[in-house]
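Here the structure comes first, spelled out in structure tokens, and everything after it is commentary.
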Amino acid sequence: MKSTPLTVALLGNPNSGKTTVFNAVTGSRQRVANYPGVTVEAKHGRAGGDGEELIIVDLPGTYSLTAHSIEELVARNYIIEQSPDVVVDVLDSSNLERNLYLATQLIELGAPLVLALNMSDLARARGFEIDAPLLSELLGVPIVQTTASRKRGIDEVLATARQVGHDPAAAVAAQRKPDYGHEIEPHVRELTDRLAAHPQLAPHARWFAVKLLERDEVSAERIGKLAGPQAAQDLLADAERLAEHIESVFGDAAEIVLADRRYGYIAGACAEAVQHTAETRRQRSDRIDAIVTHPHLGLPIFAVLMYLVFQLTFALGNPLVNWLDGGKTALAGWVRHVGGEGLLVSLLADGVIEGVGAVLVFVPLIALLYVGISILEDSGYMARAAFVLDKLMHRIGLHGKSFVPMLIGFGCTVPAVMATRILETRRDRLTTMLILPLMSCGARLPVYVLLIGAFFPHRRWSIGSIEVSNQAILLFAIYVIGIALAVLAAWVLRKTVLRGEVTPFVMELPPYRLPNARGLLVHVWERSGEYVKKAGTIILAIVIVLWAMKTWPQLPAAQAESYEVRRVAAAGELTGEALDRRLAQINVEQHRAELQHSAVGRIGRGIAPVLQPCGFDWRISTALLGSFAAKEIFISQMGVIYAVDDETDQQSETLRQKLAADYPPLVGFCMMLFILIATPCVATVAVTVRESGGWKWALLQWSYLTVLAWLVTVAVFQVGSLLNIGTQPLG
Amino acid sequence: MPYNPIDSPQPQAAPAAIPLSDADIGQEVVLSRVDGGRGLLHRLAEMGIRPGARFRVLSKGRPGPFIITMRHTRLVLGQGLVHRMIVRIA
């Protein structure tokens, strides 16, 4: 017996309930990790049950092991390169033929395999009778029937995995590999034998033979690495000759003939082991589909559901955010009170607590938004929404599926960029990635709320029984402007740098399911965690840098002393309230002088002329610099610039009054526009670099958005000024 | 061969090949061919969408996408695809 725990890789089609199996197996003992060099996340967990410990690796959901997408490549590279002790393939029992396709490829790969026929209850409800022992015999693979949502069959899966893991050779030997028929099989065998002559290729010889016949470039490369360029060249030439022969016989591309044969093998097994009687569950699914995918009702239903998600998020989330915000301010005040003056206290209170805190207070909003999105995802509605939106999205050169990352983008752009992985082609991914920052993320919301509150006093009208508020309309408008600009940007991108046809798409509609609470929680926990991690790492670092840039260079000693001299003089002249006022006045002047002298002040002044046509002065420019770190930092920067006379007073109410006194509403609206469009935050840039595979696209994203922001804001400010709309300060 | 008006079927035209985009809701069709590149054909083949595959149109958008049912599953086919899939009414 091995001393190290066995490694079990979990694999399966999307919608097969693989994640539910993973959660059921590992409980809470899991963590998310990234594969080095690739961008796909893998979760690791441990499972004990009532036996020896296992390490569980959750691989991305895939339909096959062909390298059509990054997920497929990651899954297959993991199995070939890391050779897990056992591979557990999770299948949707109610869609067995399609799900077995992946299984046949795993058998071809020679992986020590266990099949978990998941969602058995659903399959029965849909009229499938599966003879699992017979199917197991036909495929030569151990099969366990599970219903992971109710934790049924999980212990058996673990037990079977342990058995297979302790004698993988026997398990692989028992497998019945798909037979390609008398026309093709001899060629496959011939090539397999030739490949097996190279010891490095021998363990997966048949797999490589099939892949070479399919002209799979990734495998060709790998063979080159393993067997040397000369041997690889010979093998490739052999494969090419055989593939051409197959093609001349069948009149179809070799890879298509092989895929057909695999389905033939599956159909044969299923014909014997699966009976199908009446469907009941499907009918219910169909009835729901008839309504939600209806040509006229589909879009309105989608809009209502989205409205509900946002309504729920903000209605429940805002009180929590306010509460956390109060706590943060109190904590910063307490630190200042206890710590007194000094650089370290300032770093902790003004930098870390105020800066990182500003990000963390939005966690409730993000988490609630994800609850809504996860319910839509887990219930199966998301695929329907993609269908409903496909026509619209197609017009701008995007996919129905592109809307999923766009929706997540309303929460946080970082996970949204990662969600573009569901798109199959690079062009579609890049287009979606480039426009994602135009979805107003959760971090921009507080900026809008602050500015709307400052510049647009609350008014209500009643239209019949419906109450309309100008603030709500403005907030809605800024979201819509973002979407409209995204549409425009996507259209332009598809006409220019990302020219080309939209790839035809095929997508499975999973049957509707009741989301399970545990899965939902795990989902939300992971995604909110991503946001918190961003706050704790990149934002913390940038907050410290910004704080330093705000603190240094310090005023020359002589100048700093002059304020002290004035304070002493004031104390000699005045008493009581007059003295306090004078001292406060001197403090304001000193802090303002310090800020202007600091690096941030200097850069802010430096870029101010560029932003002047937008109606922005050096203070706004300085705060916008901060928003590059994270959008919500705009608020704390403005707070610092304005509230310098009274360090404890950073509450938005005061800030609002000061803003309203200094700027007209038109400038307030321009700030909202600029925050919406310009400079994706550092975290977004970082994730775009990672997901697009280089700096080029991230740079394009950053620069086109910044130029667009400038153009739009200048246009609005100049036209507004000309027409004299909102040019008088309120205060 | 003697003429037998009862046994001899009416000379029926083979059902015309039409793009899937022209099929109606509820119609059963058999796929004849897909006009597309190698990559697309392979991807479809891996999903079991091959000449000879039989499916029913459940829902159609104009110009797309379509929902079809095939082997107990529901698939959404994007509008780019339904124009390239040539089918015969079954």
Item to check | Residue count for the range B:44-83, restricted to those that are facing chain A (nearest Cβ under 7 Å), farther than 23 Å from residue A:97 by Cβ and out of contact with any helix residue (DSSP H, G or I) (no Cβ under 7 Å at 6 or more places or on another chain) | outcome: 1
Next on the checklist: Can you tell me how many residues within the range A:153-194 are surrounded by 18 or more Cβ atoms within 10 Å (Cβ to Cβ) and hydrophobic (A, V, I, L, M, F, W, C)?
Outcome noted: 10
Checklist entry - When you scan the range A:308-413 for helices (runs of 4 or more DSSP H) that lie fully inside it, which ones turn up with 1 or more residues that are among the aromatic types (Phe, Trp, Tyr)? => result A:363-379, A:381-395, A:403-409
Checklist entry - What are the residues in the range A:101-135 that are free of Cβ contacts under 8 Å to residues at least 40 places away in the same chain, charged (D, E, K, R) and away from chain B (no Cβ under 14 Å), if any? => result A:121
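One line per residue, one yes/no per condition, for (1) touching a helix residue (DSSP H, G or I) at 6+ places or on another chain (Cβ under 6 Å); (2) in the same structural domain as residue A:240 (by TED's automatic domain parsing):
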position	(1), (2)
A:252	no, yes
A:263	no, yes
A:285	no, no
A:296	no, no
A:305	no, no
A:336	yes, no
Checklist outcome for this item: Here the residues within the range A:289-300 that are within 14 Å of chain B (Cβ to nearest Cβ) and part of a helix (DSSP H, G or I) are A:289, A:290, A:291, A:292, A:298, A:299
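Yes/no matrix, rows are residues, columns are (1) under 21 Å from residue B:72 (Cα atoms); (2) within 14 Å of chain B (Cβ to nearest Cβ); (3) modelled with pLDDT of 95 or more; (4) not in a loop (DSSP other than H, G, I, E, B):
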site: A:65; (1), (2), (3), (4): no, yes, no, no
site: A:68; (1), (2), (3), (4): no, yes, no, no
site: A:73; (1), (2), (3), (4): no, no, no, yes
site: A:76; (1), (2), (3), (4): no, yes, no, yes
site: A:81; (1), (2), (3), (4): no, no, no, yes
site: A:84; (1), (2), (3), (4): no, no, no, no
site: A:89; (1), (2), (3), (4): yes, no, yes, yes
site: A:99; (1), (2), (3), (4): yes, yes, no, yes
Item to check | Condition broken by residue A:427, with the remaining ones in (1) away from every other protein chain (no Cβ under 14 Å); (2) more than 14 Å from the chain's Cα centre (by Cα); (3) in contact (Cβ under 8 Å) with a residue 60 or more places away in the chain; (4) part of a helix (DSSP H, G or I) satisfied | outcome: (1)
Checklist entry - If we scan the range A:355-376, do we find a residue that is farther than 15 Å from residue A:543 by Cα and within 14 Å of chain B (Cβ to nearest Cβ)? => result no
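Return the only residue of A:352, A:356, A:335 being farther than 30 Å from residue A:510 by Cα, modelled with pLDDT of 90 or more and surrounded by 16 or more Cβ atoms within 10 Å (Cβ to Cβ). Step through it out loud before you land on a result.
Working: A:352 fails: modelled with pLDDT of 90 or more; A:356 fails: modelled with pLDDT of 90 or more.
Result of the check over A:352, A:356, A:335: A:335.
Quick grid of which residues meet (1) loosely packed, with under 14 Cβ neighbours inside 10 Å; (2) within 14 Å of chain B (Cβ to nearest Cβ):
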| site | (1), (2) |
| --- | --- |
| A:224 | no, no |
| A:230 | yes, no |
| A:263 | no, yes |
| A:286 | no, yes |
Checklist entry - Just wondering, is there one or more residues in the range A:582-589 that are in contact with a helix residue (DSSP H, G or I) (Cβ under 9 Å, 6 or more places away or on another chain), β-branched (Val, Ile, Thr) and touching a residue at least 24 places away in the same chain (Cβ under 8 Å)? => result yes
Checklist entry - So, in the range A:126-152, of the ones that are in a helix (DSSP H, G or I) and under 34 Å from the mean Cα position of the chain (by Cα), which residue ends up surrounded by the fewest Cβ atoms within 10 Å (Cβ to Cβ)? => result A:150
Checklist entry - Tally time: how many residues in the range A:669-699 are more than 18 Å from residue A:415 (Cβ to Cβ) and surrounded by fewer than 17 Cβ atoms within 10 Å (Cβ to Cβ)? => result 5
Checklist entry - Could you list, in sequence order, the residues of the range A:596-640 that are among the aromatic types (Phe, Trp, Tyr) and assigned to a helix (DSSP H, G or I)? => result A:618, A:634
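Take residue A:527 and decide whether it is modelled with pLDDT of 80 or more, charged (D, E, K, R) and buried (at least 19 other Cβ atoms within 10 Å of the Cβ). Even if it seems obvious, please write down each step before you answer.
Details: modelled with pLDDT of 80 or more: no; charged (D, E, K, R): yes; buried (at least 19 other Cβ atoms within 10 Å of the Cβ): yes.
So residue A:527 fails the test.
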Checklist entry - Hey, among A:698, A:629, A:686, which residue is among the small types (Gly, Ala, Ser) and modelled with pLDDT of 85 or more? => result A:698
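The values are calculated or read from the model by the stated rules, or taken from the named source; none is laboratory data. What you are looking at is a predicted structure, and each value in this text was computed from that prediction instead of being measured. Using ideal geometry, Cβ is built from the backbone for each residue, glycine included, and neighbour counts are taken over all protein chains shown.
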